[in-house]
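Enquirer: The structure under discussion is supplied below as structure tokens; questions concerning it will follow.
Read-outs: derived from the displayed coordinates by stated rules, not from any lab. For clarity, every value in this text was computed on a predicted model and none was experimentally measured. Note: ideal-geometry Cβ built from the backbone for every residue, glycine included; neighbour counts use all protein chains shown.
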Ligand SMILES: Cc1ncc(COP(=O)(O)O)c(C=O)c1O
């Protein structure tokens, strides 16, 4: 956020806040969003122009006032040199926590340190897992964190390679017990969503599939896309 | 070798090491920020192969048809005690070798060519494309394609094409169309030839050509090494070895294999990952990816069409000396293998051409099996290992990834 500019972003946020969902995931724009596909990568570049923590705080305030919980999605490569300052800003923005998708793959040795920094500030580090996260690493991260779990359905956002949803959900469920598991990355059909739900997912996160509507300033299309996807969730 | 008695040694499932790694496997990354090369894989690879590449499952069921094909091409391969070599080295431990040269195409490559061609054919693909360095992978692809009723095209690194005419003949016999790479068949090949008409070719270039050709003609590309699903398929080697050792009541202290892209070594050793066996991966000194390579994201192919992988690499434009072990000339090594080396679980060695030639001669003379030049590097490491007094009494298992009967031209009379 804010993509493509503050005004447009806010108008779509208004649409969204009138609809049914629990968590708002707010992308902090960065130079190197390695695990995002081309669509989200494009938004990062543009959004960097309009981003500030002051603005983030305003956005979070609006969302909080509508009863949502709010989480940042932020790459560790964006703040690993200024962890204290950055996490203070995240906390002060009123966010409930953050998802850090490159922590385990690119900064594995800092996982304990970073989770301690989150804990100290009473914000949640949302563990981010994919099908290539080893069992042992998952079990250890569950110990280092509380709160819900974000599981990548695809190797990066906005692309689709074939996956066995049943096996993937069963595996992560068997490791995570009752913790809330939310799937994201490349989800764009109600069918995938109802499959995920059927096999035991607690929620889904969408992003890339909404971007084209924002780009063409198509509010009607945006809302009907969200409703279409919600058909999979609340059917 | 082709007896029906031991077929229950062939595993029913392939083993995927990813869930058992000590750290997450760094995912592939796009080389070009404007495009998704991961998405492009949908147009390059058979769907099932792509699914297996990113699976979270520890085991994948091997289709019954593929098990039948494994039997037809000579699986299970034998595990042989190298008693003559032990005697020659005055080694008082035990040396075993798993002999992948006993497959009909003469190397381990057929283990993954069969399932990939099977999945492609199942999905209605008419023709598959690949590259080959030494010729082993091209041979395996050609046979796998014809056994599954589809056609194949192979881009063969030019030096090998010229050095190994017999390989080309065999591929033709199996029905493959073979081109020397760089070739005039793709834009990338043309670009390279325009700059240097005598370019000897590299595996990186040949991969680029094969991938581009598959995109241009809507065929599917078969992966010879490096990628995770290839290693998963190659675990038939290690799983058979585990059972064979169990049957004779032996336990491996040390496992040794050679590394080009890392598929035979990883397929051989990964099923032992939870044991305390020592593992040594041997590369060629002329391609010093372990001692001089960087552990970083790098391109798989020289053109950068495929996603980047985090691995030990000398750089995708590295042009190695034209050593006879063509299969070891690749610039990188599989990500899971690289990670385990990085973590210290797997040790490395690098062996030069003269030393591997020496090992080749010793092995031929003592065991009667002419090993592939690639495999001779692993044998050289094993010979040094067994000559070290500290290793007396150990049980050493070498993966002899192929035979060298078609590579004899390099032996001076
Ligand atoms: C006989 C043989 N061994 C080893 C290799 C090296 O490849 P990899 O490291 O993938 O097993 C090759 C590759 O062509 C080969 O033909």
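Enquirer: Using the alpha-carbon atoms, what tilt in degrees (0 to 90, nearest 10) does helix B:136-147 show relative to the longest principal axis of chain B?
Expert: Approximately 70 degrees, to the nearest ten.
Enquirer: Next question. What's the center-to-center distance, using Cα atoms, between region B:72-110 and region B:9-25 in Å?
Expert: 23 Å
Enquirer: Where does chain A land at 222 nm, in deg cm²/dmol rounded to the nearest 500, when only DSSP H runs of n ≥ 4 count, each adding -39500 (n - 2.57), divided by all residues?
Expert: Theoretical 222 nm ellipticity from helices: -14000 deg cm²/dmol.
Enquirer: Shifting gears a bit: Consider a paramagnetic label point 7 Å from the Cα of residue B:71 along Cα→Cβ; state which residues of region B:78-103 have an amide N under 20 Å from it.
Expert: Backbone N within reach: B:78-79, B:102-103.
Enquirer: Report the residue, chosen from A:170, A:201, A:72, that carries the largest GNM mean-square fluctuation when chain A is represented by alpha-carbon nodes joined by springs under 10 Å.
Expert: Its mean-square fluctuation being the largest, the pick is A:170.
Enquirer: In addition: Please arrange A:202, A:218, B:30, B:218 by counting, for each residue, the other beta carbons lying within 10 Å of its beta carbon, fewest first.
Expert: B:218, A:218, A:202, B:30
Enquirer: Quick check: pseudo-label points 7 Å beyond the Cα along Cα→Cβ at residue A:167 and residue B:190, how many nm apart are they?
Expert: It is 4.2 nm.
Enquirer: To the nearest Å, what is the center-to-center distance of region A:146-172 and region B:191-241, using C-alpha atoms only?
Expert: 28 Å
Enquirer: Summing -39500 (n - 2.57) over the DSSP H runs of n ≥ 4 in chain B and dividing by its residue number, what mean residue ellipticity at 222 nm do you reach, to the nearest 500 deg cm²/dmol? Before the final figure, lay out the partial values.
Expert: On the way: 15 runs with 159 residues, N = 413.
Roughly -11500 deg cm²/dmol at 222 nm, from the helical runs in chain B.
Enquirer: Another question, if that's okay. Is chain B best put as rounded, prolate or oblate by its Cα gyration tensor, with a ≥ b ≥ c the root eigenvalues, rounded for a/c under 1.5, and otherwise prolate when a/b is larger than b/c, oblate when not?
Expert: rounded
Enquirer: To the nearest 0.05, how large is the calculated FRET efficiency for residue A:122 and residue B:146 if R₀ is 56 Å and r is the Cβ-Cβ distance? Working shown, then result.
Expert: Details: r = 64 Å, r/R0 = 1.15.
So the FRET efficiency works out to roughly 0.30.
Enquirer: Could you work out the relative contact order of region A:6-234? I mean the mean sequence separation of Cα pairs under 8 Å and 6+ apart, divided by the number of residues, in percent.
Expert: That works out to 17 percent.
Enquirer: Could you state the number of Å between the C-alpha centres of region B:308-366 and region A:4-66?
Expert: 47 Å
Enquirer: On to the next question. Mind telling me which of A:155, A:212, A:33 comes out most flexible in a GNM of chain A, alpha-carbon contacts under 10 Å?
Expert: Result: A:212 has the largest fluctuation of those listed.
Enquirer: Then there's this: May I ask you to sort B:12, B:308, A:58 by Cβ crowding, counting other Cβ atoms within 10 Å and putting the fewest first?
Expert: Working: B:12 11, B:308 21, A:58 15.
Fewest-to-most ranking of B:12, B:308, A:58: B:12, A:58, B:308.
Enquirer: Ok, one more. In degrees, nearest 10, range 0 to 90: what is the angle between the Cα axis of helix B:228-247 and the longest Cα principal axis of chain B?
Expert: Taking Cα atoms only, the helix is inclined about 20 degrees.
Enquirer: For chain B, modelled as a GNM with alpha-carbon contacts under 10 angstrom, which of B:111, B:35, B:264 fluctuates the most?
Expert: Looking only at B:111, B:35, B:264, the largest GNM fluctuation is found for B:35.
Enquirer: What do you get for the angle between helix B:373-387 and the principal long axis of chain B? Use alpha-carbon atoms, 0 to 90 degrees, nearest ten.
Expert: Orientation of helix B:373-387: about 30 degrees from the principal axis.
Enquirer: What's the exposure ranking of A:102, A:135, going from fewest to most Cβ atoms within 10 Å?
Expert: Least to most surrounded, the residues fall as A:135, A:102.
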